[in-house]
Amino acid sequence: MSAKLFALLVSSLADTLFMVGVSSAIAFVFGLPLGVILLVTERGQILESPVVNRLLGSIVNATRSTPFIILMVLLIPVTRMIVGTSIGTVAAIVPLAIAATPFVGRVVEGALREVDDGVVEAALAMGASPWQVIAKVLLPEALPAIVIGLTLSVINLIGYSAMAGAIGGGGLGDLAIRYGYQRFRLDVMFLTVAVLIALVHLCQGLGDLVARKLRHDGRS
Amino acid sequence: MAISLQGITKIFGQGPRALKALDGIDLEVPEGTIFGIIGSSGAGKSTLVRCVNLLERPTSGTVCVGGVDFTSLSEGELREARKKVGMIFQSFNLLARRTVFGNVALPLELAGWKKEEIAPRVEELLDLVGLTVKRDVYPSQLSGGQKQRVGIARALANHPDVLLSDEATSALDPMTTQSILELLRNINEKLGLTILLITHEMNVIKEICHNVAVIEKGRIVEQGAVLDVFTDPREETTRDLLGEIIGVDLPPTFGGLDFSREPVAGGDLVIQLRFFGNVAAEPVMSDLVRRFDVDVNILTAHIDHIRNVPYGTLVVGLSGDEARRQAALEHLRALDLKMEVVGYVRQALCPAR
């Protein structure tokens, strides 16, 4: 492999990590409260509110049912408004974060749902406020499941970020398309795919490890 | 503190699918007593105990704890009030990701205790329930009985006025049940804590309760002091629930002899004696034989205890001269026990003399 190609690969990897890292962070920041709200506003939950629940639920569903590649194109005006351009690594972060937020929301909602109702009931019986139930019971108890879910979200974002390459988003996907596909450089194609596979493996392994360390329910 | 429930009704759902889980429950739990509510599953027990701390809000009726009407409190006031009502559960409901210490500390954190106050209080509670060595262990590493001990320590943490127990021993084996019941009785005696518990096990009532209420289809069908209800159950439901404890069903025959409710010429009397307290220790039967020269044949017997008070049921055949038998009956009626002529058998139960 030429030094030039190697440098290209490294910078593409850095781009991917940057895109995935920043968009993951944004998606977590918005997705976590979104997931909490989705759960606690449900019927029979501690902050039951059918209107809020249905409204947020349909927004989440609409975003999630739009294919990412379409969403990316649809969001071009928004991206331009926020970043100033719709091309490049930074620009790709906008659609990535917007697509991942509802996903994280659902993942968090699912993790919180797994918390035993009895434990919540016990906390309410102790006089816990809804906020205390969320902060002291729901989130801490669901943490291992949330970590697993967030890992899944990051891996999803790695996949999405490669797609972002298709509309000039930069990163490993961009490298694979421009060199591997358009210039028939099969070696570049395979190399990129190999790096992506390694990246996904690393994330999954790390996520599983952290979740296992966090669990104390005898399932580890 | 005393708990007073008045006219508690709970209806789930609306319209034709509405389900009346509780139907006009009145209940007075005197301060410092252990009050047991017993009923078969689906009788409304769980709903009832949840109505006390308003985890389930009654459709109508009032709940007073220590004179405060919980049903009239605002959300914030209710949260404060709940901090003084401990609760333990059948499934323990411990936080899996907190250690034993962390679980017991939770209600104190919620009540805004300072860290340096929490630690000594938790240590004290762990000592009370005998789990000091398990301080830093997670619930998954505990046995059922140990988990319930953590549950009890947690419920007692914030110095509650009353303790609610929702089938706290139903998931435990008989030996562990016994030790948990002893712990509850200890707490009641040591702290003077009022305990309201629900259960489907008569044994639990028998071991620790002062008073009992029998619930069926959302209504209280019978209530009173445990000894009274156990020795003189008035309702069919109570008798059914008590069956295993009293253990005396009269069979149609005794040793092949036909049993009759009507007097039989020349037959033997069958009497049922129910006694409790000191009488149980006295030699009533041998006394009878000596003083009245009658023959006594024990047909069935069952002796047990309710909260350490001996209590028994005895069914005996009485044969001999009619006058002497009547004298013997007179004597028994005068004693501090419940005597009932339940029937007759057609032939002499005792060998003819």
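The values are calculated or read from the model by the stated rules, or taken from the named source; none is laboratory data. All values derive from a computational prediction rather than experimental measurement. Positions of Cβ are backbone-derived with ideal geometry, glycine not excepted, and every protein chain shown enters the neighbour counts. All accessible areas refer to the heavy atoms of the entire protein, side chains included, with ligands and DNA or RNA removed. Shrake-Rupley method; radii C 1.70, N 1.55, O 1.52, S 1.80 Å.
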Residues being open to solvent by 10 Å² or more (accessible area, probe 1.4 Å) and β-branched (V, I, T) - total across segment A:104-118: 2
Filter result for B:L126 (of a type outside the set (D, E, K, R), under 24 Å from B:T194 (Cβ atoms), in the same structural domain as B:D173 (by TED's automatic domain parsing) and in a helix (DSSP H, G or I)): yes
Single condition B:S46 does not satisfy, out of (1) of a type in the set (S, T, N, Q); (2) under 17 Å from the mean Cα position of the chain (by Cα); (3) within 14 Å of chain A (Cβ to nearest Cβ); (4) exposed (fewer than 15 other Cβ atoms within 10 Å of the Cβ): (4)
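Can you give me the number of residues within segment B:221-237 that are open to solvent by 30 Å² or more (accessible area, probe 1.4 Å) and either under 14 Å from B:K338 (Cα atoms) or in a loop (DSSP other than H, G, I, E, B) (or both)?
5
One line per residue, one yes/no per condition, for (1) outside any helix (DSSP H, G or I); (2) crowded, with 22+ Cβ neighbours inside 10 Å; (3) within 14 Å of another protein chain (Cβ to nearest Cβ):
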residue: A:G127; (1), (2), (3): yes, no, yes
residue: A:E141; (1), (2), (3): no, yes, yes
residue: A:A145; (1), (2), (3): no, no, yes
residue: A:L157; (1), (2), (3): no, yes, no
residue: A:G170; (1), (2), (3): yes, yes, no
residue: A:V193; (1), (2), (3): no, no, no
residue: A:I197; (1), (2), (3): no, no, no
residue: A:H201; (1), (2), (3): no, no, no
residue: A:L209; (1), (2), (3): no, no, no
Test: B:V229 is at pLDDT below 90, among the aliphatic types (A, V, I, L, M) and in the same structural domain as B:V85 (by TED's automatic domain parsing): yes
Selection from segment B:62-72 of residues that are open to solvent by 30 Å² or more (accessible area, probe 1.4 Å) and either out of contact with any Lys or Arg (no Cβ under 9 Å at 6 or more places or on another chain) or closer than 20 Å to B:P30 by Cβ (or both): B:T62, B:C64, B:G66, B:G67, B:V68, B:D69, B:S72
Single condition B:I38 does not satisfy, out of (1) open to solvent by 20 Å² or more (accessible area, probe 1.4 Å); (2) β-branched (V, I, T); (3) within 18 Å of the chain's Cα centre (by Cα): (1)
All positions within segment B:5-35 that are open to solvent by 10 Å² or more (accessible area, probe 1.4 Å) and of a type in the set (A, V, I, L, M): B:I11, B:A18, B:L19, B:A21
Pair list, Cβ < 6 Å and 6+ apart or interchain, from segment B:289-314 residues that are of a type in the set (D, E, K, R) to residues that are open to solvent by less than 40 Å² (accessible area, probe 1.4 Å): B:D295/B:S319; B:D295/B:G320; B:D295/B:C350; B:D304/B:Y311
Residue list for segment B:19-58, filter: in a strand (DSSP E or B) and within 18 Å of B:I88 (Cβ to Cβ): B:V29, B:I34, B:F35, B:G36, B:I37, B:I38
Subset tally (residues that are at the interface with chain A (Cβ under 8 Å from one of its Cβ atoms) and either touching a His at 6+ places or on another chain (Cβ under 7 Å) or open to solvent by 40 Å² or more (accessible area, probe 1.4 Å) (or both)) for segment B:83-99: 4
Cross-chain or 6+ apart pairs with Cβ under 6 Å, segment B:58-79 first and under 26 Å from B:L19 (Cα atoms), then open to solvent by less than 40 Å² (accessible area, probe 1.4 Å) and hydroxyl-bearing (S, T, Y): B:T59/B:T9; B:S60/B:T9; B:G61/B:T9; B:T62/B:T71; B:V63/B:T71; B:C64/B:S4
Segment B:100-120: number of residues that are open to solvent by 30 Å² or more (accessible area, probe 1.4 Å) and either more than 24 Å from A:L112 (Cα to Cα) or within 12 Å of chain A (Cβ to nearest Cβ) (or both): 10
Scan of segment B:51-72 for residues that are facing another protein chain (nearest Cβ under 8 Å) and under 13 Å from B:I3 (Cβ atoms), ordered by number: B:N53
A:W131, sole failed condition from (1) part of a helix (DSSP H, G or I); (2) open to solvent by less than 30 Å² (accessible area, probe 1.4 Å); (3) not small (G, A, S): (2)
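Residue by residue, here is whether (1) among the basic types (K, R); (2) surrounded by 18 or more Cβ atoms within 10 Å (Cβ to Cβ); (3) modelled with pLDDT under 75 holds:
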position	(1), (2), (3)
B:P251	no, no, yes
B:P263	no, no, no
B:M285	no, no, no
B:L299	no, yes, no
B:D304	no, no, no
B:E322	no, no, no
B:K338	yes, no, no
B:R346	yes, no, yes
Residue list for segment A:1-54, filter: within 18 Å of A:T101 (Cα to Cα) and among the basic types (K, R): A:R54
Count of segment B:29-57 residues which are of a type outside the set (V, I, T) and under 19 Å from B:E80 (Cα atoms): 7
Residue among B:E80, B:E75 that alone is open to solvent by 50 Å² or more (accessible area, probe 1.4 Å), within 14 Å of chain A (Cβ to nearest Cβ) and touching a Gly at 6+ places or on another chain (Cβ under 9 Å): B:E80
